[in-house]
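Here is the structure we will look at.
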Amino acid sequence: MEKRWFQDRLRQLGKTQRGLAKHMGLDPSRITEILNQSRSIKIEEAVEMAEYLETSLADVVSKLGAFVNREAKASSLVVGYVGAGETVYSVDDHEKGSGLYKIEAPQGEGGGVCVVVRGNSMSPRFRDGEHLGYSREEGLDPAKCYGRECVVQTKDGRQLVKIVEPGNAVGQVTLVSVNSSTPIEQNVPIEWVAPVTWVKLRPRG
């Protein structure tokens, strides 16, 4: 059991143990018992815990020191949508746990958050109605994201889905669109980046 990890994760996200209990539909004392290993946790409760902590089910269960049921289905909270110019119109300022709706995540994924594509600005890579899952991690090293599609929070307040490449200075990146008609943005100061870790596609004929 890595109790400190749970405490640090809540603090990192600006959330509380009481909020976690509310999200899971439990009395706060039950969360204390789980973290003190005086109460077992059901797999469906671990799914709810992963959702609130914006991480994967496997990560939470490994930190709890428990067995992961690989057949369990996890859901993901839709916290915004990607519109024109690959801009994310976000509702991810929840206290935290609100969102547009939940979807069933792909097998082995979920517990984090996702955005839904609206319109055709990301076509043909992504289509209207498809979901992009990601996990926000403060201080994530942008260098580990180079060449990957990411949700990016810029210093000027924009949130975008772009391919991240190196910038010319620390704290800056180059943002490349999945749509070749959109100009490349160079040396953009950023707050954080979060790689897209899964995509739930619509059926394609």
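Applying the criteria of a DSSP loop state and at most 15 other Cβ atoms within 10 Å to the trypsin sites (Lys or Arg not before Pro) of segment 1-68 yields ARG39, LYS42.
Placing pseudo-labels 7 Å out from each Cα toward the beta carbon at THR32 and GLU165 gives an inter-label distance of 5.4 nm. Would you tally the net charge around SER181, using a Cβ to Cβ cut-off of less than 15 Å, leaving SER181 out, and scoring K and R as +1, D and E as -1? Result for the neighbourhood of SER181: 0. In this structure the amide hydrogen of VAL199, modeled in the peptide plane, comes within under 5 Å of the amide hydrogens of GLY133, none closer than 5 places in sequence on its chain.
Heavy-atom accessible area, probed at 1.4 angstrom with all protein chains present, ranks HIS23, HIS131 as HIS23, HIS131, highest first.
In this view, the solvent-accessible surface of VAL161, computed with a 1.4 Å probe and all protein chains in place, comes to about 0 Å². Listed cross-link partners LYS15/LYS63; LYS15/LYS102; LYS63/LYS162; LYS22/LYS155; LYS15/LYS144; LYS15/LYS42 are compared with a 28 Å cut-off, the Cα-Cα value being larger for LYS63/LYS162; LYS22/LYS155. Measuring with a 1.4 angstrom probe and ignoring ligands and nucleic acids, ARG202 comes out at about 100 Å² accessible. Looking at segment 126-205, the accessible area is 51 square angstrom per residue; that uses a 1.4 Å probe and ignores ligands, DNA and RNA.
The values are calculated or read from the model by the stated rules, or taken from the named source; none is laboratory data. Quick caveat: nothing in here was measured; it's all calculated off a predicted structure. Counting neighbours? That spans all protein chains shown, and the Cβs are built from the backbone with ideal geometry, glycine included. We work out accessible area using only protein heavy atoms, side chains counted, and drop any ligands, DNA or RNA first. Shrake-Rupley method; radii C 1.70, N 1.55, O 1.52, S 1.80 Å.
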